[in-house]
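> Below are the structure tokens for one structure; questions will follow.
The values are calculated or read from the model by the stated rules, or taken from the named source; none is laboratory data. It should be emphasised that the depicted structure is a prediction, and the values quoted were computed from it without experimental measurement. Cβ placement follows ideal geometry from the backbone for every residue including glycine, while neighbour counts extend to all protein chains displayed.
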Amino acid sequence: MELPETIDEWEKVLTAFKNKGVEFPLTLNLKSITVNPTSMFWGAYGIGGSWYEIDGVVHCAFLEKGFVEYLKTMNRWYKNGLLDPDFYAQDANTHDAKITSGRAGAWIATGGGAMGRYLKAFRESNPNAKISGTKYAVLNKGETPMFGFKDTIYDAAMSVKITTACKNPEAAVKFLDWGYSEEGHMFYNFGEEGVSYKMENGYPKYTELITNNPDGLDMSIAMVRYMASSYGGPFVQDKRYYEQYLQFDEQRDAVSKWSQYKYSNQLPKITYTLEEQSEYTRISTDINTYIDEMFIKFVVGEESIDNYDKFVARLKEMGIDKLLKINQDALNRYNNK
């Protein structure tokens, strides 16, 4: 069968997996729907991340009509045995084991560490094994996916600050500044020359300590022992690290496919006022818990999707419109800078 593009094609492929004896046609490691782990599919219904924007207007996925159609699809796949029944209650090791043992047909994972790890595991027992990345799903053949994933340039999680508690701020500044020097740049991205990389015609090439680790470590794990390029920090990531991180043609092909979409499923890095942050945290904690609980109930059939309007009404009672306004105000400030 050809790689699926539309939701209908996905359903046919997953059904074929099931009919051929694949135990888990689609397996997911879903801990929270509010962090977008199934955005591979819900973009087909015109919805992005939990919170996303189109042309300056903030949207909440769970208030959109398309989310109802997405729920119907997931519920149908669950009832028909196409979706792993443990999609919300398995850890990473269990999820990985289902994939590497060949018990799963499709899943959602990163193109770097995860895809490379799975390919290596498959090929230990079958040199001809392949994994194919697919485009983000659409409803109609030939459409460009509406949403995809593109991280913003600034990642607050990798930020560093020097506080008043620092005993030697001058040394801290020098250390942080070193990360942006040529020496620091090379060390953070490639590690120690002669150990984790060698210069070949001006190109820093990872050694087999990284690409084919003698202790059997995945490349993603070997890298973090010697450098920070695969996750980040106070330095600029070098694109030459990523060129090598994608070891297999299948990985590079997948990244190319995932780059085809109209909008990112993320808001930009908006910031809240202190008052907004306090209120947002207070309201969103309970709302996110409620959404996660109801999503599982809708999918497994414990709650009828006919009650979706009641679900929305409850979200509004809990203050989701206030969150929408806070995000819109923050986006307006961001766009007016």
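> So is Lys239 of a type in the set (Lys, Arg) and assigned by TED's automatic domain parsing to the domain that holds Lys31 or not? Working first, answer last.
Details: of a type in the set (Lys, Arg): yes; assigned by TED's automatic domain parsing to the domain that holds Lys31: no.
So Lys239 fails the test.
> Could you give me the residue pairs with C-beta distances under 8 Å whose first residue belongs to region 216-230 and is more than 14 Å from Tyr242 (Cα to Cα), whose second residue is surrounded by fewer than 15 Cβ atoms within 10 Å (Cβ to Cβ) and hydrophobic (A, V, I, L, M, F, W, C) wherever it lies, and which are 6+ apart or on separate chains?
Tyr226/Val195
> Determine if region 148-161 includes at least one residue that is assigned to a helix (DSSP H, G or I), surrounded by 10 or more Cβ atoms within 10 Å (Cβ to Cβ) and at pLDDT below 90.
So far as region 148-161 goes, yes, one or more of its residues are assigned to a helix (DSSP H, G or I), surrounded by 10 or more Cβ atoms within 10 Å (Cβ to Cβ) and at pLDDT below 90.
> Within the set of pairs 6 or more residues apart or between chains, which connect a residue that is closer than 16 Å to Tyr136 by Cα inside region 1-19 to a residue that is among the polar types (S, T, N, Q) with Cβ atoms less than 6 Å apart?
So the pair list comes out as Leu3/Ser132; Leu3/Thr134.
> While we're looking at this one, here's another question. So how many residues does region 243-292 have that are acidic (Asp, Glu) and over 19 Å from the mean Cα position of the chain (by Cα)?
Summing the residues that are acidic (Asp, Glu) and over 19 Å from the mean Cα position of the chain (by Cα) in region 243-292 gives 6.
> Check Ile270, Ile287, Ile291, Ile296 and return the single one that is touching a Leu at 6+ places or on another chain (Cβ under 6 Å) and among the aliphatic types (A, V, I, L, M).
None of the other options fit; the residue is Ile270.
> Working carefully through the options Lys167, Lys120, find the one that is out of contact with any strand residue (DSSP E or B) (no Cβ under 8 Å at 6 or more places or on another chain), without any contact (Cβ under 8 Å) to a residue 12 or more places away in the chain and either assigned to a helix (DSSP H, G or I) or more than 22 Å from Ile221 (Cα to Cα) (or both).
Working: Lys120 fails: without any contact (Cβ under 8 Å) to a residue 12 or more places away in the chain.
On inspection, the qualifying residue turns out to be Lys167.
> Sticking with this one: Looking only at region 198-208, count how many residues are over 15 Å from Phe187 (Cβ atoms), free of Cβ contacts under 8 Å to residues at least 24 places away in the same chain and not in a loop (DSSP other than H, G, I, E, B).
Number of matching residues: 2.
> Find the residue count for region 245-290, including only residues that are crowded, with 18+ Cβ neighbours inside 10 Å and assigned to a strand (DSSP E or B).
0
> Which residue, of Lys269, Lys297, is at pLDDT 95 or above and either among the charged types (D, E, K, R) or touching a Ser or Thr at 6+ places or on another chain (Cβ under 9 Å) (or both)?
Testing whether each residue is at pLDDT 95 or above and either among the charged types (D, E, K, R) or touching a Ser or Thr at 6+ places or on another chain (Cβ under 9 Å) (or both) leaves just Lys297.
> Does Gly102 meet the test of being surrounded by 21 or more Cβ atoms within 10 Å (Cβ to Cβ), small (Gly, Ala, Ser) and in a loop (DSSP other than H, G, I, E, B)?
The answer is no for Gly102.
> Which strands (runs of 3 or more DSSP E) sit wholly inside region 4-86 and have at least 2 residues that are touching a helix residue (DSSP H, G or I) at 6+ places or on another chain (Cβ under 8 Å) and among the hydrophobic types (A, V, I, L, M, F, W, C)?
Passing ranges, in order: 24-26, 57-60.
> Out of the residues in region 194-223 meeting the condition of being surrounded by 13 or more Cβ atoms within 10 Å (Cβ to Cβ) and in contact with a Pro (Cβ under 8 Å, 6 or more places away or on another chain), tell me which one is nearest to Val173 (Cα to Cα). Spell out the reasoning first.
Looking only at region 194-223, we keep the residues that are surrounded by 13 or more Cβ atoms within 10 Å (Cβ to Cβ), and these are 196-198, 204-207, 209-213, 217-223.
If we keep only those that are in contact with a Pro (Cβ under 8 Å, 6 or more places away or on another chain) as well, we get 197-198.
On the way: Tyr197: 27, Lys198: 29 Å.
Ranking the qualifying residues of region 194-223, first place goes to Tyr197.
> Checking Lys239 against (1) touching a helix residue (DSSP H, G or I) at 6+ places or on another chain (Cβ under 8 Å); (2) more than 28 Å from Glu5 (Cα to Cα); (3) not aliphatic (A, V, I, L, M), which single condition isn't satisfied?
(1)
> In region 298-331, what count of residues is obtained for those that are without any contact (Cβ under 8 Å) to a residue 24 or more places away in the chain and surrounded by fewer than 16 Cβ atoms within 10 Å (Cβ to Cβ)?
Within region 298-331, residues that are without any contact (Cβ under 8 Å) to a residue 24 or more places away in the chain and surrounded by fewer than 16 Cβ atoms within 10 Å (Cβ to Cβ) number 11.
> Here is a check on your reading of the model: is Tyr226 hydroxyl-bearing (Ser, Thr, Tyr), surrounded by 15 or more Cβ atoms within 10 Å (Cβ to Cβ) and closer than 27 Å to Gly111 by Cβ?
yes
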